[in-house]
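Below is one structure; the comments refer to it alone.
Read the figures in this text as sums done on the coordinates, not as results from a lab. Since the model is a prediction, treat every value here as computed from it, not as a measurement. Ideal geometry is used to build each Cβ from the backbone, glycine not excepted, and the neighbour counts take in all protein chains shown.
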Amino acid sequence: MLTKRIIPCLDIKNGRTVKGVNFVNLRDAGDPVELAKQYAVKGADELVFLDISATLEGRKTMIDMVLKVAEQVNIPFTVGGGISSVEDVDILLKSGADKVSVNSSAVKRPELVNELANKFGSQCVVVAIDAKQIDGEWMVHLAGGSIPTNLNLFDWAKEVERRGAGEILFTSMNNDGTKAGFANDALAKLSETLNIPIIASGGAGTVQHFVDTFKDGKADAALAASVFHFGEIAIKDLKEALKDNNIAVRL
Amino acid sequence: MKLVIIDYGAGNIKSIQFAFKRLGYDAILSNNPDEIKAADKVIFPGVGEASSAMQMLKESGLDTLIPTLKQPVLGICLGMQLMCKSSEEGNTKGLGIFNVDVKRFNNTVKVPQMGWNTITDLKTELFKDIKDETFMYSVHSFYAENCKESIATTTYSLDFASALQKDNFYGVQFHPEKSSVVGEQILKNFITL
């Protein structure tokens, strides 16, 4: 049986791992390659690296990091952050990334999703969507949640699926950094509306939150950062608890 | 040991090269027919769309070379699918090494199948020391039907062939290079075939 995936997310700035709480305060949580190797051994199913460097120098460092991760880590990984062209993706995939995730650049120019799916295949195109619930409606936001758009989450998700996205990484800005659980209602609606895998992101605080997002949120995978980076939840314990709740996991 | 990974412009081949490097082998990337023919073992990778990958093979003449190879050949993911008779993806003919068609998953399940699923009914030395129900990582929207040449089966909406073998040709739908230590064991087994 296909199992639910547990995905630690590593925010990278100038080659180092950082984790933003509500995307503002950053704390250093170590060397990304070492952390990635540890996660692979501890049972993570995949990894996501999000480049939050704003400079060209930082982007070059990111490509070096991707090469090192591909060399040393034996599980799949996705790279996101600042990707806006076919050329950007080409170099990341050639450096060993398995998938890339695009966010703002796809909102600004939706054809990018088609171009990437046609050139590299849907299987490596993840569209990340940050959304916030405002007056009952889920609206897509850009730039780490700071810039609102007039796009509805479900319409946008449906559109990127049609354009060739292979997977959706949905982060609820209402839940992110709260450690109060994932946005399961919106996740379940996404999962029922779309026929591609959905990764739940934003709000993980306890083991029960993961159980809930797989059961109630119907998520295919769950992503989290600080609960893993700071050892609050061990992946093995988490997976055993999921198994006890009849959720298929790789142990 | 001369290990060649066929480089015809399709997909993420760096990961396969790195996986062999972790096992202590230097694999060469090549589209040169002489170099491929002279290899002890050949890896036929592939990620992307079937009909355009088939087109790339034709342009380089590799479509006629690959079926004539005598040494062990391992197709991975799309590489395995291209070794089949045909694919529904872009309605293309394949290399016809495996006598089976490649079809798309129906929409009763999420497509692509993305993630870790088990392999069972394991046959041949490719799966030496690999336990039944071992987890492998795959990403795919199309599958080879279960058939006489199946050497591993996986279930996703239906039972399909997650590995195939005929003579010196082997194919795996999953990514051994991304499937943790058990995937590396399969690559090691292929090297020692």
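Figures for the structure shown
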quantity: All-pairs Cα distance distribution in the protein assembly as shown, expressed in whole percent, bin size 10 Å; calculated: 4, 22, 33, 26, 12, 3, 0
quantity: For the protein assembly as shown, share of DSSP beta bridges that run antiparallel, in % to the nearest 5; calculated: 45
quantity: Chain B - Debye-derived log10 I(q)/I(0), Cα point model, q = 0.09, 0.10, 0.11 Å⁻¹; calculated: -0.28, -0.34, -0.42
quantity: Cβ charges +1 (Lys, Arg) and -1 (Asp, Glu), total dipole of the protein assembly as shown, debye; calculated: 440
quantity: Per-selection metrics, chain A (Cα): Rg and Dmax in Å; calculated: 16.6, 47
quantity: Peptide-level mean, for B:64-71, of C-beta atoms on other protein chains within 10 Å; calculated: 0
quantity: Positive-pole candidate from B:92, B:165, B:16, dipole of chain B, charges at beta carbon; calculated: B:16
quantity: Ranking of A:210, B:18 by count of other Cβ atoms within 10 Å, fewest first; calculated: B:18, A:210
quantity: Residue order, fewest to most surrounding Cβ atoms within 10 angstrom, among B:134, A:213; calculated: B:134, A:213
quantity: Antiparallel bridges, percent of DSSP beta bridges restricted to the stretch A:5-244 (to nearest 5); calculated: 35
quantity: Chain B: DSSP helices with Cα axial extent of at least 15 Å and average Kyte-Doolittle hydropathy no lower than 0.5; calculated: B:180-191
quantity: Antiparallel DSSP beta bridges within the stretch B:3-191, percent to nearest 5; calculated: 60
quantity: For A:12, B:28, order by how many other beta-carbon atoms lie within 10 Å, fewest first; calculated: B:28, A:12
quantity: Neighbouring partner chain Cβ atoms per residue of A:68-80, average, 10 Å criterion; calculated: 5
quantity: The stretch B:4-64 versus the stretch B:131-176: alpha-carbon centroid distance in Å; calculated: 20
quantity: Separation of the residue A:84 and residue A:105 label points, Cα + 7 Å toward Cβ, nm; calculated: 0.9
quantity: Test item: Cα-centred dipole of the stretch B:3-191, Lys/Arg +1 and Asp/Glu -1 on Cβ, debye; calculated: 100
